[in-house]
Number of protein chains: 2
Amino acid sequence: MALPRSGPVRSEHARRAILQATATLLAERGYDHLTIEGIAAAAGVGKQTIYRWWSSKGDIIAECLLEGMVVPGRGELPDTGDIRADLTRWLRDLADMLARDEGELLLRSLIAAAAEHVEVGRRLRDVLAGPESLSGRLERATGTVPNLPRGAPVEEIAEALIGALLLRALSRSPLQPADIDRLLRAVLG
Amino acid sequence: MALPRSGPVRSEHARRAILQATATLLAERGYDHLTIEGIAAAAGVGKQTIYRWWSSKGDIIAECLLEGMVVPGRGELPDTGDIRADLTRWLRDLADMLARDEGELLLRSLIAAAAEHVEVGRRLRDVLAGPESLSGRLERATGTVPNLPRGAPVEEIAEALIGALLLRALSRSPLQPADIDRLLRAVLG
């Protein structure tokens with residue numbers, strides 16, 4: 001889905017290898033153990049190739065997020081017309097991912113990266129809660145259920161849902177199906 | 001407010017100095033630049049004194065949180081009987097803190113610490129959203145406004161509000177008064 005940058009084909013190949021290596025290492029080892037050296041070795045490129053395009057590991061993670069390489073749930077928010085059922089299914093899938101050790105480590109790694117790099121924070125919010133994801137789905141659903149009238153604060157509802165998910169990841173408190181129902185009741189009445 | 005631990009008075013004095021130094025350095029320099037060496041120097045104790053009581057900087061931050069030394073808003077949630085007005089005032093105070101560079105750095109530092117240390121994550125959630133803070137205030141308010149009936153999911157409402165705040169801090173998007181009104185509309189209707 002990424003368009004090739006200007007430059008020779010070989011550069012785009014290296015760029016993809018670097019992004020893929022970053023996504024894999026982030027999920028396997030966590031943000032603290034992610035190094036430019038480790039990414040270079042896994043991608044089969046020299047460190048200088050990485051530094052030609054990015055100034056820090058945070059910048060690479062931000063680009064991974066933009067290209068949908070680290071958050072599996074991206075764009076897969078269902079749209080059957082029943083907003084509560086769709087959100088329930090999507091949040092259960094995210095909660096299932098978080099209930100697995102590697103899923104929890106990945107989200108905590110992304111949060112740690114976001115705490116350090118502004119661009120990671122912005123893209124994490126966009127990818128999970130933004131108009132192409134949750135808030136867009138909510139916007140299209142306004143007027144279809146009593147508790148989501150036209151003009152409802154869809155961005156804030158999206159931020160509240162995703163924020164609650166992040167807080168659960170930070171406190172290692174898995175979201176059970178009953179918690180998801182209550183969370184949806186908290187924002188959709 | 002902390003009770004002295006068992007042991008001589010001098011130990012409690014050193015313990016308080018270490019916690020205070022940690023809180024100050026965390027707010028001034030951020031989590032990444034916080035080291036046991038730096039805490040020891042600022043507190044005027046040896047590193048071994050610190051390692052006698054704590055195994056990592058995350059453990060010290062967790063204890064700071066427990067003693068109310070790093071989150072200024074702790075316990076200051078007003079209770080005038082008007083839940084929406086009280087939450088508006090409290091969230092505006094928190095947003096004002098976040099709008100200042102040092103406040104934003106402090107919250108991002110706590111989030112980074114929480115991403116790494118489970119105990120920091122749990123206490124951050126308790127301090128900001130727990131029964132002695134936000135969810136307790138919400139629980140007492142159930143039944144006083146139409147959108148917060150008895151049995152309302154107060155824990156999830158609290159997590160949604162605090163989670164949204166964390167997500168704003170991570171994406172460096174200050175909460176304006178109008179955003180706070182919309183956020184409260186998202187969870188209180």
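Some observations on this one:
- Single residue of segment A:174-189 satisfying the filter (under 19 Å from the mean Cα position of the chain (by Cα) and outside any helix (DSSP H, G or I)) that is farthest from the other protein chains (Cβ to nearest Cβ): A:P174
- Residue that is modelled with the lowest pLDDT [pool: residues in segment A:88-102 that are under 16 Å from the mean Cα position of the chain (by Cα) and within 14 Å of chain B (Cβ to nearest Cβ)]: A:L98
- Taking segment A:20-35 as the range and being over 26 Å from A:L170 (Cβ atoms) and buried (at least 17 other Cβ atoms within 10 Å of the Cβ) as the test, only A:A21 passes.
- Filter result for B:I111 (closer than 22 Å to A:L184 by Cα, crowded, with 22+ Cβ neighbours inside 10 Å, within 7 Å of chain A (Cβ to nearest Cβ) and aliphatic (A, V, I, L, M)): no
- Per-region count, segment A:134-158, residues in a helix (DSSP H, G or I), under 17 Å from B:G189 (Cβ atoms) and in contact (Cβ under 8 Å) with a residue 12 or more places away in the chain: 6
- Selected residue (criterion: surrounded by the fewest Cβ atoms within 10 Å (Cβ to Cβ)) from residues of segment B:86-108 that are within 25 Å of A:R182 (Cβ to Cβ) and of a type in the set (A, V, I, L, M, F, W, C): B:W90
- Any chance B:A141 is of a type in the set (G, A, S) and more than 8 Å from chain A (Cβ to nearest Cβ): yes
- So A:I111, is it in a helix (DSSP H, G or I) and either among the acidic types (D, E) or at pLDDT 95 or above (or both): no
- So A:R168, is it at the interface with another protein chain (Cβ under 8 Å from one of its Cβ atoms), modelled with pLDDT of 90 or more and surrounded by fewer than 19 Cβ atoms within 10 Å (Cβ to Cβ): no
- Evaluation of A:E63 against (1) part of a helix (DSSP H, G or I); (2) over 13 Å from the mean Cα position of the chain (by Cα); (3) surrounded by 13 or more Cβ atoms within 10 Å (Cβ to Cβ) (one fails), failing number: (2)
- Only listed residue being more than 9 Å from chain B (Cβ to nearest Cβ) and either in contact with a Lys or Arg (Cβ under 8 Å, 6 or more places away or on another chain) or among the acidic types (D, E) (or both), chosen from A:G68, A:G121, A:G151: A:G68
- A:I162 being buried (at least 22 other Cβ atoms within 10 Å of the Cβ), out of contact with any Phe, Trp or Tyr (no Cβ under 7 Å at 6 or more places or on another chain), of a type in the set (V, I, T) and at the interface with chain B (Cβ under 7 Å from one of its Cβ atoms): yes
- Some residue of segment B:64-75 being free of Cβ contacts under 8 Å to residues at least 24 places away in the same chain and of a type outside the set (V, I, T): no
The values are calculated or read from the model by the stated rules, or taken from the named source; none is laboratory data. As the structure is a prediction and not an experimental result, all values here were calculated from the model. Virtual Cβ from ideal backbone geometry, glycine too; neighbours counted across all protein chains shown.
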